[in-house]
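**Q** Below are the structure tokens for one structure; questions will follow.
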Amino acid sequence: MSLLHVLFKVAGAEYALPYSGVLLMESYTGSTRVPGAPPHVAGLMQVRGRVLPVIDLRVRFGLERQPVTPDSRVVVVQAGPRALALLADSAREVVKIDPESYRPAPEMVAESGQGFVKSVAHAGSRLVMLIDLDKVIGEERIHGS
Amino acid sequence: MSGPVDLAQFLGGFLVEADENLRLAGRNMLSVEHDLKQGLPSPRAVRDLYRSMHTIKGLAAMVGVEPIVELAHAMEAVLRDADRRGGRLPANALEGLLAALRAIEERVAALARGATVAEAPRPLLERLSDLGPLPGQPAAAARASIDLPAEIAGKLGESEWTQLAGSGDGRRAVRIDFIPSTARAAEGLTITGVRERIGALGEIVKVVPLSRPADAQTPGGLVFALLVLTAAPDEALAGAAGVRVEEVRLLRPASPVVAAEEPLEDSGASRGVVRVDVSRLDDALEKLSALVVTRFRLGRAVAELAAAGADVRALQQIVLENGRQLRDLRGAIMRARMIRAREMLERVPLLVRGLARSTSKEVVLDLDAGKAELDKAVAERVFPAIVHLVRNAVDHGAEPPAERERAGKPRAAALRVSCFERSSTQLELTIEDDGPGIDAEALARRAGREVPGNEEALLALLTVPGLTTRDAATATSGRGLGMNIVKRTIVDDLGGEIVLRTARGRGTTFVLRIPLSITIIDAFSFRCGQQPFVVPVALVEEIVEVNPTDITRAPSGPGRAELRMLDRRGAAVPLVNLESVFHLEPEAGARRKAIVVRRNGQPFAFEVDQMLGQQEVVVRPLQDPLVRRPGIVGSTDLGNGQPTLVLDLISLAHNLSRRRGDVRA
């Protein structure tokens, strides 16, 4: 059975998240820097009254930070009790993907991607990556800093 | 001279008392109106209103606010008169009283804001004094209500009628007929003796001699009718006059005792309730924070002991227990700040009534405040939003009666305002009308936007600043700034949410979900590294100018924030650049200010770009571990929709010096 997925782009590559875990998508115009927060935390933004940390996916994926563009979007996700905003270069599509068609990410990709990419799938003819949300928003670096 | 100091001291108390009495008065006013519609008197509500006005007058006189004294006095006069007539208020008095009540409310609000209190409006005062007790009014009332035969009534003058009308002293008016006879005179019963004895039991208004045909009953052909005001029992009166008890005839029942000094039956004191200024509770909370800091230090000291090899198990237990107790104490103080949602919504009925009247609509309000409680500070912030939504509901959400009938609806529009505790942290407030619903297309046209596809998008459109659904702003529903302010208050300021449901022809519902309590602090806002921050005023010892001549550079190791010393009245205070601590881009231009805090008794200064101001802010804790950093206690919204960080410079200073210590070790 096909399920809805939100597609978003980071540095030209396409990623997907199951729609069920996504609260909403919003355009992004900037956030309040939080001194001392991990580098991939772009800052705080207020979304519908909630103050959420924004995770810059570019930085998280080991890429250069980029200036905000009119296409910049945040995908607000719920992970257990936490709600966070994921900053992507763009996000506007919702597509159907059958979870049965998920395939494990090639080993090289999984390794170089620090485990952020869980699996790959096809949205139509396009190859998209499914991210491991817990790993991406993880806080493993905080306590060591 | 006991001038301004005393005033300021009383003002807080006055505002609290006045507020309470105004609320009570609003409620009673509605109940009077309700009775009036059914042609009933409202003895209790009128009495309570009278007392409320009497209290407000007294308090206002104490703080010297003459316009309020005048208004309350004028209302009091009308109400006293109505009270004497058993709670019968002239039908034409209600509007004037309501207008005066509003005028008092406005003036109390102005006083609370520190604004100038406007003069009492003369036309209103005159209107009320026209309703007040005219010289002949009680007399006329007595004439109308006291049943006396013409032979007696005709002999009574104006002042005697006024006396009989009563004056709220608890006495009733009775008539006792004394029939003189030689037999009675032999028993010592003469009119002179009767006069004396009755006079001792009450006040004789008049003795009217009535001539009768001489017969067995009236052998002398004469009867004396004694009109008496008395509180004595009938038996005593009968005994004094030498007549049977049945012959003491009641003319007017005892007027209720009017004693404004007497406490209200349901006043706080009798319920074991103490009214406390919120600032005192805040003060207690602040003292508690100091305790919490001490506990942290205690915990650290224990940890150090443990590190040095001491056996601290017993001590650790105590520290843990102490921590729990502190949390409990904090909870107890927070609960003391809670007020009942019912209190917050108490003014809604009066508001709806006024709105329905001014828009010529019929509205039936169903108010269900439930048992929920919320923090007073939250209630104060939420209430204006409720007022706005209720206004909208009457103005836009209730069709005129004729239009409703055409649409097959009851003439009177139904407005339901309800609230309940949704969870242990959230209150849900619903404002629901059965009106025409929101015309999304018309709204979109007016705003020049796309037609919203769902209710969420419609709400977003409604809360766009400056949007209005009417060509001309109506008297009641302002100019469309309102919904934006509702959103700002509920969502941005308090961190709540708004849900909109609307159906064409069937009605609109706004659901507000608001936190039951919030943390509000008095804070300084400042800029540093091109970013605004706020810091609680309570943690700041001083803000000083930074003159380059007062600064001495101290040696510091590579890669560390530069440490300097500030010469503060001869004492060297460590000074750090907040932007270098936070690794922020420096702002071009000269540095200006340093915020001095005290850590373990030692001053510590943070240099910042520019102080922006001081204001009360709502602090929202940062819960996500990704953004919980030392020295950052939460975020707030300074009004630009962007989160602004709330800093705890003391723990930041602590963190800095500990880091330095670590490097040294």
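**Q** Within the stretch B:606-654, which residues are of a type outside the set (D, E, K, R), assigned to a strand (DSSP E or B), over 26 Å from B:R300 (Cβ atoms) and facing chain A (nearest Cβ under 8 Å)?
**A** Passing the criteria: B:S635, B:P643, B:T644.
**Q** Out of B:G496, B:G505, B:G529, which single residue is farther than 26 Å from A:G49 by Cβ, touching a helix residue (DSSP H, G or I) at 6+ places or on another chain (Cβ under 6 Å) and not hydroxyl-bearing (S, T, Y)?
**A** Details: B:G496 fails: farther than 26 Å from A:G49 by Cβ; B:G505 fails: touching a helix residue (DSSP H, G or I) at 6+ places or on another chain (Cβ under 6 Å).
Of B:G496, B:G505, B:G529, the one residue that is farther than 26 Å from A:G49 by Cβ, touching a helix residue (DSSP H, G or I) at 6+ places or on another chain (Cβ under 6 Å) and not hydroxyl-bearing (S, T, Y) is B:G529.
**Q** Taking the stated definitions as given, is B:K409 at pLDDT 90 or above, over 23 Å from B:N484 (Cβ atoms) and not small (G, A, S)?
**A** yes
**Q** Can I ask one more? Can we say A:V95 is touching a residue at least 60 places away in the same chain (Cβ under 8 Å), within 13 Å of chain B (Cβ to nearest Cβ) and surrounded by 12 or more Cβ atoms within 10 Å (Cβ to Cβ)? It would help to see each step written out before you state the result.
**A** Working: touching a residue at least 60 places away in the same chain (Cβ under 8 Å): yes; within 13 Å of chain B (Cβ to nearest Cβ): no; surrounded by 12 or more Cβ atoms within 10 Å (Cβ to Cβ): yes.
Spelling it out, it is not the case that A:V95 is touching a residue at least 60 places away in the same chain (Cβ under 8 Å), within 13 Å of chain B (Cβ to nearest Cβ) and surrounded by 12 or more Cβ atoms within 10 Å (Cβ to Cβ).
**Q** What are the pairs, 6+ residues apart or on separate chains, where a residue within the stretch B:346-358 that is outside the structural domain of B:R102 (by TED's automatic domain parsing) has its Cβ under 7 Å from a residue that is part of a helix (DSSP H, G or I) and basic (K, R)?
**A** Every condition considered, the pairs that remain are B:E346/B:R23; B:E346/B:R27; B:R347/B:R23; B:L355/B:R391.
**Q** Also: Residues A:S101, A:S119: which one is surrounded by fewer than 21 Cβ atoms within 10 Å (Cβ to Cβ), more than 12 Å from chain B (Cβ to nearest Cβ) and within 16 Å of the chain's Cα centre (by Cα)?
**A** Values: A:S101 fails: within 16 Å of the chain's Cα centre (by Cα).
One residue alone meets the criteria, A:S119.
The rows are residues; the columns are (1) in contact with a Lys or Arg (Cβ under 7 Å, 6 or more places away or on another chain); (2) surrounded by 16 or more Cβ atoms within 10 Å (Cβ to Cβ); (3) at pLDDT 85 or above; (4) more than 17 Å from B:E343 (Cβ to Cβ).
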position: B:V5; (1), (2), (3), (4): no, no, no, yes
position: B:F10; (1), (2), (3), (4): no, no, no, yes
position: B:F14; (1), (2), (3), (4): no, yes, no, yes
position: B:N21; (1), (2), (3), (4): no, yes, yes, no
position: B:L24; (1), (2), (3), (4): no, yes, yes, no
position: B:N28; (1), (2), (3), (4): no, yes, yes, no
position: B:E33; (1), (2), (3), (4): no, yes, yes, yes
position: B:P41; (1), (2), (3), (4): yes, yes, no, yes
position: B:V46; (1), (2), (3), (4): no, yes, yes, yes
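**Q** Could you grab me the full set of residues in the stretch B:64-97 that are charged (D, E, K, R) and in a helix (DSSP H, G or I)?
**A** Selection gives B:E66, B:E70, B:E76, B:R80, B:D81, B:D83, B:R84, B:E95.
**Q** Let me ask another. Go through the stretch B:245-288 and count every residue that is surrounded by 15 or more Cβ atoms within 10 Å (Cβ to Cβ), at pLDDT below 75 and small (G, A, S).
**A** 2
This table checks each residue for (1) among the aromatic types (F, W, Y); (2) surrounded by 18 or more Cβ atoms within 10 Å (Cβ to Cβ); (3) closer than 27 Å to A:A121 by Cα; (4) more than 14 Å from chain B (Cβ to nearest Cβ).
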{"position": "A:A16", "(1), (2), (3), (4)": "no, yes, yes, yes"}
{"position": "A:G21", "(1), (2), (3), (4)": "no, no, yes, yes"}
{"position": "A:T29", "(1), (2), (3), (4)": "no, no, no, no"}
{"position": "A:G36", "(1), (2), (3), (4)": "no, yes, no, no"}
{"position": "A:H40", "(1), (2), (3), (4)": "no, yes, yes, no"}
{"position": "A:V51", "(1), (2), (3), (4)": "no, yes, no, no"}
{"position": "A:G62", "(1), (2), (3), (4)": "no, no, yes, yes"}
{"position": "A:A79", "(1), (2), (3), (4)": "no, no, yes, no"}
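**Q** Additional query: Could you check the stretch A:32-133 for strands (runs of 3 or more DSSP E) lying wholly inside it with 1 or more residues that are modelled with pLDDT of 90 or more, over 17 Å from A:V6 (Cβ atoms) and acidic (D, E)?
**A** A:50-56
**Q** Given the conditions (1) out of contact with any Cys (no Cβ under 9 Å at 6 or more places or on another chain); (2) within 14 Å of another protein chain (Cβ to nearest Cβ); (3) not aromatic (F, W, Y), report the number of the one that B:R553 does not fulfil.
**A** Single failed check for B:R553: (2).
Let's see how each residue does on (1) more than 23 Å from B:G437 (Cα to Cα); (2) modelled with pLDDT of 90 or more; (3) more than 13 Å from every other protein chain (Cβ to nearest Cβ):
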{"residue": "B:D493", "(1), (2), (3)": "yes, no, no"}
{"residue": "B:G496", "(1), (2), (3)": "yes, no, no"}
{"residue": "B:T509", "(1), (2), (3)": "no, yes, yes"}
{"residue": "B:S517", "(1), (2), (3)": "yes, no, yes"}
{"residue": "B:F524", "(1), (2), (3)": "yes, yes, yes"}
{"residue": "B:C528", "(1), (2), (3)": "yes, yes, no"}
{"residue": "B:P536", "(1), (2), (3)": "yes, no, yes"}
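**Q** So for the stretch B:56-71 (the condition being crowded, with 23+ Cβ neighbours inside 10 Å, of a type in the set (G, A, S), out of contact with any Pro (no Cβ under 7 Å at 6 or more places or on another chain) and over 30 Å from B:I146 (Cα atoms)), does at least one residue qualify?
**A** Within the stretch B:56-71, one or more residues are crowded, with 23+ Cβ neighbours inside 10 Å, of a type in the set (G, A, S), out of contact with any Pro (no Cβ under 7 Å at 6 or more places or on another chain) and over 30 Å from B:I146 (Cα atoms).
The values are calculated or read from the model by the stated rules, or taken from the named source; none is laboratory data. Note that the coordinates shown come from a computational prediction; the quantities given were computed from them, not determined experimentally. Glycine gets a Cβ as well: all are built from the backbone with ideal geometry, and neighbour counts include every protein chain shown.
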